[in-house]
Structure formats: C-alpha cells, structure tokens
1. Taking amide H positions as placed 1.01 Å from N in the peptide plane, with prolines and chain starts having none, which residues 5 or more places from A:Lys368, or on another chain, fall under 5 Å of its amide H?
2. Provide, in order from the shortest bin, the percent of all Cα-Cα pairs of region A:374-453 in each 10 Å bin, continuing until the bin that contains the maximum pair distance.
3. Sort B:Phe400, B:Phe251, A:Phe215 so that the residue with the fewest other Cβ atoms within 10 Å of its own Cβ comes first and the one with the most comes last.
4. If amide hydrogens are placed 1.01 Å from N in the peptide plane, which non-local residues have theirs closer than 5 Å to the one on A:Asp159?
5. Taking the beta-carbon count within 10 Å as an exposure proxy, list A:Glu146, B:Glu193 from fewest neighbours to most.
6. With θ set to phi - 60°, apply the Karplus curve 6.51 cos²θ - 1.76 cosθ + 1.60 along region B:230-239 and write out the HN-Hα couplings as whole Hz, x wherever there is a Gly or Pro.
7. Which residues' amide hydrogens lie under 5 Å from the amide hydrogen of A:Cys419, considering only partners 5 or more residues apart or on another chain, with H built in the peptide plane?
8. Could you tell me what fraction of 2.2 N^0.38 Å the Cα radius of gyration of region B:80-390 comes to, as a two-decimal ratio?
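Just so it is clear, none of the values below were taken in a lab; they were calculated from the coordinates. Predicted, not measured: the structure shown is a model, and the values here were computed from it. Neighbour counts run over all protein chains shown; Cβ positions are idealised from the backbone, glycine included.
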Amino acid sequence: MSLKFFAHFLFIFQVYISVFLLIIHLQFHFFEIAFLFYFFAGAKPMAAIFQGVGAAATLSSSPSNSFDSNNSVFSPLTSFSVRRGASFAVVRSDGILNLNPKGRRAQQLISNAVATKADSAASSSSSKPGHELLLFEALQEGLEEEMDRDPRVCVMGEDVGHYGGSYKVTKGLAEKFGDLRVLDTPIAENSFTGMGIGAAMTGLRPVVEGMNMGFLLLAFNQISNNCGMLHYTSGGQFTIPIVIRGPGGVGRQLGAEHSQRLESYFQSIPGIQMVACSTPYNAKGLMKAAIRSENPVILFEHVLLYNLKERIPDEDYICNLEEAEMVRPGEHVTILTYSRMRYHVMQAAKTLVNKGYDPEVIDIRSLKPFDLYTIGNSVKKTHRVLIVEECMRTGGIGASLTAAITENFNDYLDAPIMCLSSQDVPTPYAGTLEEVTVVQPAQIVTAVEQLCQ
Amino acid sequence: MAFSAATANFNPLNTPSLRSHDNHLVTSVSPSPFFGSTAKLRLSSSPKFNVHRRSGSVVAVSEAVKEKKPKSTPNLLITKEEGLELYEDMVLGRAFEDMCAQMYYRGKMFGFVHLYNGQEAVSTGFIKLLKQQDSVVSTYRDHVHALSKGVPARAVMSELFGKTTGCCRGQGGSMHMFSREHNLLGGFAFIGEGIPVATGAAFTSKYKREVLKEVDCDHVTLAFFGDGTCNNGQFYECLNMAALWKLPIVFVVENNLWAIGMSHLRSTSDPQIYKKGPAFGMPGVHVDGMDVLKVREVAKEAISRARRGEGPTLVECETYRFRGHSLADPDELRDPAEKSRYTARDPITALKKYIIESNLASEAELKAIDKKIDEVVEDAVEFADESPVPPRSQLLENVFADPKGFGIGPDGRYRCEDPKFTQGTAHV
C-alpha cells in the first residue's frame, strides 16, 4: 500500500472519530440543544418553567414567605397560566422531551361561590402598598384592631398582660387597654377557660390564650362540656362568642408535652369551629374573623411559624373561617395540608416540579368544618389526594379528612388517598428522633411519586 | 356583723379603693393600679397562725342572730309580705319536686332527676334577695333554683318532660336549666363545672362597671354547689380568682353531708368548709341551712358586700336532702336516725311556725298559699302534657349560634342553606 492510501485512511478515520465524538458530545449536551430548539419555537414556555422553578426555590431558602395566592402578587406560574394558557414542554434532565400529557393548563379555577368580599377585595387592591410584618405581629394587629373596634373584646391568659404574651402576641396591649381587659390569670386553665365561657355567656367577647396548646388539656372539661354545648343545651338562649387560641405543634426539641397537636382531640366536640393559621395574612384574617364570629372558635397557631414575614394589606380584611386556601394550583395531585406542614409541602413542591410533577397544594385552614367545596373541586380535577399533616396518625385531622373525601368524592379518585401524618410517638427530645416523627419534604416527594405512578 | 372581723385583716384599704363603687375609675391612659392581692405577705412563719388569727373572726351566724333577738323589741326579721313570699317559694319548691317524683315513676320524665326536698331554705333564702339582672349558677339539682329565680313552673316542667315549650326547648333536661330572661346560667351535670362560669359572670359585672363604664352595674352572681364539689380543683381555683380580683360573687355551699353515697366526713380532711374562705382572703360563714331566716340574714350581708365591690364570700349552709341523691338512688346508706333528726327541722314547717307564732299571718292564709301552689303545679303538669314534642327539624337548630359553622358543602353552598337543615334530616 502506498502512503497516499494510508493518508486517505487516516483522514477518513479522523473524520469518523470526530463525527463519533461529536455525536457523543451532542448527546451530553442534548438539553442545551433542545433549549435552543425551543428557543426559536417559543421561548416563553421554557422561561416560565425556569421562572416557576426559581420562585419555588426561593421558598425554601429562607423562612420569609412572599408566596401567597391571596396576595396581590401572584406567583409567576399562576400569572402565566392566566395570561397564556399555552401548552409547555416539561424537560427532564435525561434529555427526553415530554409534552404535558394533559395538554392545556387548567383555566382559572371556579371562584368559590362563598368567597367573601374581603378576600377578593384584597387581591384587587394591588395598588395599595401594604406593610411587612411577622406572623405574631399580624396576630397582635388583628387582636388590637378588634379590641379597638369593640370594647367587649378582652383577653385572658397566663402572662398575656405585663409580660406581653409568651410569644409576644399580646405585647403592648395591657399598657393600652388596662389590666382588666388584658387579664393576667393565675395558672388555672380549667377555671379561667370556664371564666371566659361565663363572661361570653353574659355579654363579653373573650379571647382565651393557652400559653401552649397542650396546657388546654387541663381545660378540656370546660371546652368540651361548656364551650361547645351550652348554646345547644340552653336551647339557643346563650351564645358563647369565645376565641381560644395558642401555639401548638412540634417545635425545636421542646419535649413531648410541649409538642402536642390538640386538633385531633378537639375535633369531635360538637358546636365548636377550629381553624389553623399558617401565614401572617391568614393569621390576622382568621383572628379577626374568629373574634367577630358568634360561634366558639379554636385558633391553632404553630410555635415555629411566629417569625414568618409577609407583606399584608393595610386595609381591614378578614379570612372566612370555613374556607380553605389555594396555595398552588396544579394538575397531577392534590396535596391537602395545614399549618407548618404547608411549608414542608411547598419545599417538596419545588423538588416535584423539577421532577416534572404539578402538585396542587391546598391549605385547608378550616379544620372543623372542612371546606369540601375547594377540596372537592381539586379532587375532581386531579383524581389523586395526598394529605400531609403534623397531627398524629391515629384519629387525627387526616383520618377525618380521608373519611370525608372518600364519602363524598370516591368516584373521582384514581388511587387510594395517601395520608402522611406524624408518628404515633410522644415527641422525643433528641433532634434526630424528633425530625423523623414529623413528615419531611423527602417523604412527601416519595409519596407523590408513588401516587402518580 | 360577723364578716367585718374576718375581712379586717384582708382589706387594709379602708380608704375608698380605686376599684370600688366611687366614680373615680382609672382611665386607661394613667398607669393602672396594682390589680392583685392586697394581703400582706407574712414572712414570719408561725405554724398555727391560721387557727390563732382566725379564732373569733368566723362565727356561726346562728349565734349572732340569737344574740340579736332579745335586743330589739318587736323583733320581726321579716315583714308579712316577705314572710308569705318566702313561704310560697318554699312550698312551690317542695310541691314541684314531689310532683316530679310522681311524674318520674309514671314514666313522664327520664334520666337522672335530682330532687331538692329539704334544702328549700337555701334557695329561697338567697335567691329571693336578688334582682332580675343578678345571675344564678347551679348544679344538676337545679329545679328549685330555677323556680326561685323566676322561671315559670310550666317552663321547668315542660323541660323535664322533654317538650319543645321547655325553658331550653327540651334540649337540656333536668340537669341543664337555663334562662336568659331570668339570668339562670345553668344547670351543669359535672360538679364544679358551673363555678368558673359563675366567676365569669361576676367578671363581666366588674368589667361592665370598670371598662364599659356602666357605673351603676352592680350585678351579683350566686354559685350554688355541694359539699362534694368542695374537694374539686375548680372550686379552689375560682375562690382564688374571685378573691384576687374582688369579683361580685357569693359561693354558696349546700352542705347536705352526702355526695351520693360518700359521706362528707369520709372524703374531706377538714370538713369545715367555711374555713376555706379565709385561706383565700374572703370571709367564710357557716349558717344553719334549715332555717330560712338565718340564711336570709347571711345572704343579705354577703350579697350587699358583693354589690359594694368588696369581693366574694363563702357561705356554708348546713342542710339536708330528704330524698336520695336522685330518683334512681335507693338511699340505703344514710342512717334513719340522721334523717329523722333533719326531718324534724323541716324548713317549711319551721317558717310556718314562726309566721303563726309572730302573728304575721293566719293559718288560713298559709293554707290558701298551699292550695294555690298545688294548682300551679297541676297546671304546669297539664301544660307540659299537652305541649308538643320537639320536631325533627329542631335537631340541628341550636348547634351553632352562627350556622355557617357547619361549613361549606361539596356543592359550594353553606350547609345551613340546604333545605334539609330545616327538616333536620341533613347529614353533618
């Protein structure tokens, strides 16, 4: 063979190798190629996904929460769906393109037939600046505004007056309203709760604070027997417009007795309403609505959520006590949650969106009664339900909710309802153990993946 | 009066208190006065100081009253009108309860029915001194408290029969008598449960005067409960709070020595309940609860003390129930000798004797009252018999004051808007 032939062979071999290498190279960079492809086809959808992912990413980075569907500032995903309604491609990291199987993104949800004017007013008045504050300040603001508005509203509890409240919710109120209106009680939960009930029957509107919700176990006699029942056993003669509130839930290594979730114990009591707040916006709104309500209301706050920061409207507003809150509209699965678990769910949602899922997250807010309209609409759309709660597994809110959904919407379910709750374990002190008693975002992600198979 | 000695050590503010009846109430702007105990902290410990200081300060009123008698000449503790009013009220209580027993055994009422026979002096002695706006809180033995406070016999009997014309629309029953009009705040099945509610009502009275500035609001609350309740935590917690904040309340202990089958002496380390008042800074008084006039005298002072803003009083009335704990109680434990001792001190017979001997009224007038009461009770039974039972639609009506509390149904409407709610067939 001549050198000429060898030279040709080398050249062809080189070309072959180069092309081979090029193909291999391209496979690794397929993602980028695809991006370029879609860039020319329609960049907006892609950009929105990244934007949405980015927005979800900010949620977990700090406790501050700027993401709220009721707020005038909509999340990018929501606003996109309203304006464009176009289909988009979900690109996964293995480079496989996959058009959204459901096609068009859902239309704007049917607005709740019973949405109060206040809720919609807040969203439309996006021109007012609002003010930023922490959750406990929002509760304080709500309480103070109601006390200004109605002189019959008073506060009773341990250390609510001079101390300003163990979580500072009643800070400054005793100086403003006096020792009788913001009453520091001795340590006698059963009796001062009963005293609040007696005061409510005779014309006042007390707000009873349990320093920790767990202490209200001592007041169970009064809450169960008198709070819920006296309106009925008196044949409607006496109303009990009392609000019982306090922080509960699992904190940071507070020990078993300070980490209780009483919503499961109280839920069977007839005649009371239970709500759980989770953001400064709904904390203030629910506090005000609870005080104005003629029914006895138990407002559950969470020890770890008191320092959440949010911008809330300046004007007067309330949140409807019986309604649930749509946190993130979606298509694939309905995630029902409340209180602190909302944040774990949103953190998991970020991961889920990255993986290509589109969860719909609803903060049920009203633990008794359940807002079956919002929940039902969601189930009818997604056909899959995951409940994420901090309550105990046995007899908790999740158990009741599972029963309610099965009873009312069984035909719409494609899979059995999954319920992630805390373990039936007294909350251990050790941090590592405490972490595994409550539901963590990784579990939520796994559950959604399992549910959506 | 026996009270002042007991209070002298606990109310050093003989000068007008900032929180008392005068109109110079503290505004919210100036720093509020110390809203707490005015008792001095005792630093030197003397083990028997309790008994030592208290001796002579708490006195059985019967002795005080006996001393009073010879001093005033035409000593009549009551006028004729008052006498007849008291007599009528006690006879009403007795006749009503006897009729309840009859009706129960005829199958007209069911469940637990607790009768007040023998204790009428306490109810009449106290409640007849109250105004309409004053509140009364009772226990499950509440029929006679309701009657004394002014709830019509018809309403109480209908309630016992479970009819819709009852004072609580048939929803409460024997143990849950309520009346908004007459300020009867219940009727509680668990013992001790009503005491905090009474404390709350007294708190409202104080709040109205001091915060809402209704300066003439001097409503008093009476809390009735038994000897068994005096071992319960709620009793002590409320004694503390009432004394601490000087609430206008009177705690009336109807010590009939028995809590179903548990003798007071077997369950209580110190059976003298009135002594527990001074431990919290309020006067404790013991009175013969079978004598309506003695009870009335003590009640007058206790109620006016509360009205003046001087705070609560603990009154222990030694009384006795002639029947068992409830109509289901065979009442075998109590000694017949004890029963006959107390039956001899029947309050109605005693008052009748006093009225006749003091020439306040004649036997005929009293008999006329007896007859009138019989007619009232018969009429109540007739009315209750003829009243309708509650319809199905009443089931869900009073669960919530604001029926939106039933929530939003799957169709988006509030459940209470569902017409099945008025029919009582809706599923909640």
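1. A:Met274
2. Once binned at 10 Å, the Cα pair distances of region A:374-453 give 18, 44, 28, 9, 1.
3. Values: B:Phe400 25, B:Phe251 29, A:Phe215 21.
Placing the least packed residue first, the sequence is A:Phe215, B:Phe400, B:Phe251.
4. Under 5 Å from the amide H of A:Asp159: A:Thr185.
5. Values: A:Glu146 20, B:Glu193 25.
Placing the least packed residue first, the sequence is A:Glu146, B:Glu193.
6. For region B:230-239, the Karplus curve yields 6, 9, 9, x, 4, 4, 5, 4, 6, 4 Hz.
7. A:Ile387
8. Working: Rg = 18.7 Å, N = 311, 2.2 N^0.38 = 19.5 Å.
The value comes to 0.96.
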